[in-house]
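S.K.: Before anything else, here's the structure in question.
Bear in mind that the values in this text are calculations on the coordinates, not laboratory data. Predicted, not measured: the structure shown is a model, and the values here were computed from it. Glycine gets a Cβ as well: all are built from the backbone with ideal geometry, and neighbour counts include every protein chain shown.
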Amino acid sequence: MTIKMRRWLFYAFLVLFIFVSVGVVSYSRGWRINISDYKIKFQKTGAIFIETRPKGAVIKINGETFKDKSGLTQRGTLISNLLPKTYEVKIEKEGYQPYRKNIKVEPDFVAEIVQTVLVPGEFKKTLISIPKPADDFWISSGKIVFKNNNVLYYLKNSSLFKLRGDKLIAWSEDGGKIILLDSKNKVHYLYELANLNKTLNINAILSNLSKKADIRQIAFHPADSSRLIVQSENSLYILDLNRLQLETLIQEPISFWTIKNPNIYYFIQASGNYSLNSFNLILKTKTAIAQSLNYQIAKLPNSLISPDNEKIAFLDNNGKLNIYFLEDYQRDIDLNFYEGLIVKNIFWYKDSSHLFIEYSDANSRETASIDFIEIDNRPPINRYTVFEKISNFYYEPSLDRLYFIQSSDKLRNLYFIEL
């Protein structure tokens, strides 16, 4: 072999080595050749990370099947080397309804589908035995107060105790106390469930401390059940039942407020718009969260702050569901599924990424449906109907149970399902 040939081979192999090395390094760093629309592109890949509950699901991306790799040491499944584009993701498991989502993959970026909850195809409902049919009910920590023929009862060890009032307003955080309302006489009563003979007339106590005893809204202090948060016409204050003292917190005409320890979140309306503020019960400081919210807020009876204290859910008067992110002021989500319907109640699911919605249409006000809907504005939004033809429901996150009333043979029975 001549020297010229040897030199040619050396340089040829050197060029090939450099080319292969660059290719290997580029491939290891996620670069791929993408041939689409009759064009050749050199692009960096991305990935999708998927976390599901329950585990053991089948993941399909654009029809290609991937095994769920989550387990004791890995909480989810990472699917890498995906070219930048939008993928159709489908998550399936036998006995559960499928989950679908369109995910856009960006170069050198991991798109996430986390807090994914697969909903069973069928739910097994369990009957709760109570001595009388329930027209309405309230549950906390396994304790039940229910209404029958406009009379309230507390169910304790299969025994019934008749209570004053016709509506339960609030449970204490420890579940040991309740506030009831006598709607006819506009009187609020406080009961200690461990001693039902001990009843306090809250309106009478306020009358002794202040000339005005009007109560617009009332709740237990989240850290101390011997103190109450009370709203009058133009102020919000703490009523200390032990010291029999009033402490003014806010002196403004509040439209709506809710508590999530340690903050009170409240809306103030001015010139047709709302401002959202918070008041810290420990530091006694006020913070303006958002101004000029162009919403007509419809008040709902339960707390609308998510369990992670990062989101607030509320309705406008047209039935549009709004999710406002407290920490990310530029981000909010509008869910238009319930416009024109009557939304009766909302509960956050324990993961703060889903909601239970109780709703009905104008022609079926007596019965309602329950939806389980994700808080994710990437299409399609996964929305599942859990039950239909129910009346009144309550979600208890500590037991992960959904309670509801459903008629059977002209009887109104109380049931629960476990998710």
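S.K.: Using the Karplus equation 6.51 cos²θ - 1.76 cosθ + 1.60 (θ = phi - 60°), what ³J(HN,Hα) coupling, rounded to whole Hz, does each residue of the range 81-91 give in order, writing x for Gly and Pro?
M.R.: Karplus-based 3J(HN,Hα) across the range 81-91 equals 6, 9, 5, x, 4, 9, 10, 8, 9, 10, 10 Hz.
S.K.: Stretched out fully, how many nm does the piece from residue 310 to residue 97 gain, at 0.36 nm a residue minus the Cα gap?
M.R.: On the way: separation 213, 0.36 × 213 = 76.68 nm, distance 2.84 nm.
Gain on stretching residue 310 to residue 97: 73.8 nm.
S.K.: Using only the Cα atoms of the range 126-418, build the gyration tensor, take square roots of its eigenvalues as a ≥ b ≥ c, and label the shape rounded, prolate or oblate: rounded if a/c is under 1.5, else prolate if a/b is larger than b/c, else oblate.
M.R.: Values: a/c = 1.74, a/b = 1.01, b/c = 1.73.
Here the range 126-418 falls in the oblate category.
S.K.: Then there's this: So what is the relative contact order for the range 126-418, in percent, with contacts set as C-alpha pairs under 8 Å and at least six apart? Numbers along the way, then the final one.
M.R.: Details: 640 pairs, mean separation 29.8, N = 293.
Contact order relative to length: 10 percent.
S.K.: Given Cβ point charges of +1 (Lys, Arg) and -1 (Asp, Glu) and nothing else, what value in debye, to the nearest 20, does the dipole of the range 195-243 about its Cα centre take?
M.R.: Details: 6 positive and 4 negative charges, 20 e Å.
It works out to roughly 100 debye.
S.K.: Now for a separate question. Stretch residue 44-residue 400 to full length: gain in nm at 0.36 nm per residue minus the Cα-Cα span? Please report the intermediate quantities before stating the final value.
M.R.: Numbers: separation 356, 0.36 × 356 = 128.16 nm, distance 4.25 nm.
Additional length available on full extension: 123.9 nm.
S.K.: If the label point is 7 Å along Cα→Cβ of residue 408, which residues in the range 96-127 have backbone nitrogen under 15 Å from it?
M.R.: Under 15 Å, as judged by backbone N against the label point of residue 408, lie 123-127 of the range 96-127.
S.K.: What distance in nm separates the simple spin-label points at residue 141 and residue 65, each placed 7 Å from Cα in the Cβ direction?
M.R.: For residue 141 paired with residue 65, the spin-label model returns 4.9 nm.
S.K.: Which of rounded, prolate or oblate describes the range 129-205 when judged by the alpha-carbon gyration tensor and an a/c cut-off of 1.5?
M.R.: oblate
S.K.: What FRET efficiency comes out for residue 367 versus residue 80 if R0 is 45 angstrom and r is the Cβ-Cβ distance? Round to the nearest 0.05.
M.R.: On the way: r = 48 Å, r/R0 = 1.07.
E(calc), rounded to 0.05, equals 0.40.
S.K.: Let me ask something else about it. Taking 35 Å as R0, compute the FRET efficiency from the Cβ-Cβ separation of residue 286 and residue 352 and round it to 0.05.
M.R.: Details: r = 25 Å, r/R0 = 0.70.
Rounded to the nearest 0.05, the efficiency is 0.90.
S.K.: Counting other Cβ atoms within 10 Å, keep those with at most 14, restrict to DSSP loop, and tell me which GluC sites (Glu not before Pro) in the range 326-419 are left. Walk me through the numbers before you get to the answer.
M.R.: Numbers: sites: 327, 339, 358, 366, 374, 388, 418; in loops: 327, 339, 366.
Those that pass, being in a loop and sparsely packed, are 327, 339, 366.
S.K.: Still on this structure, I have one more. For the range 43-116 and the range 213-266, what is the separation of their Cα centres, given in Å?
M.R.: 46
S.K.: If R₀ is 51 angstrom, what is the calculated FRET efficiency for the pair residue 234 and residue 108, using the beta carbon separation as r and rounding to 0.05? Don't jump to the answer; show the numbers that get you there.
M.R.: Working: r = 55 Å, r/R0 = 1.08.
Result of the calculation: an efficiency of 0.40.
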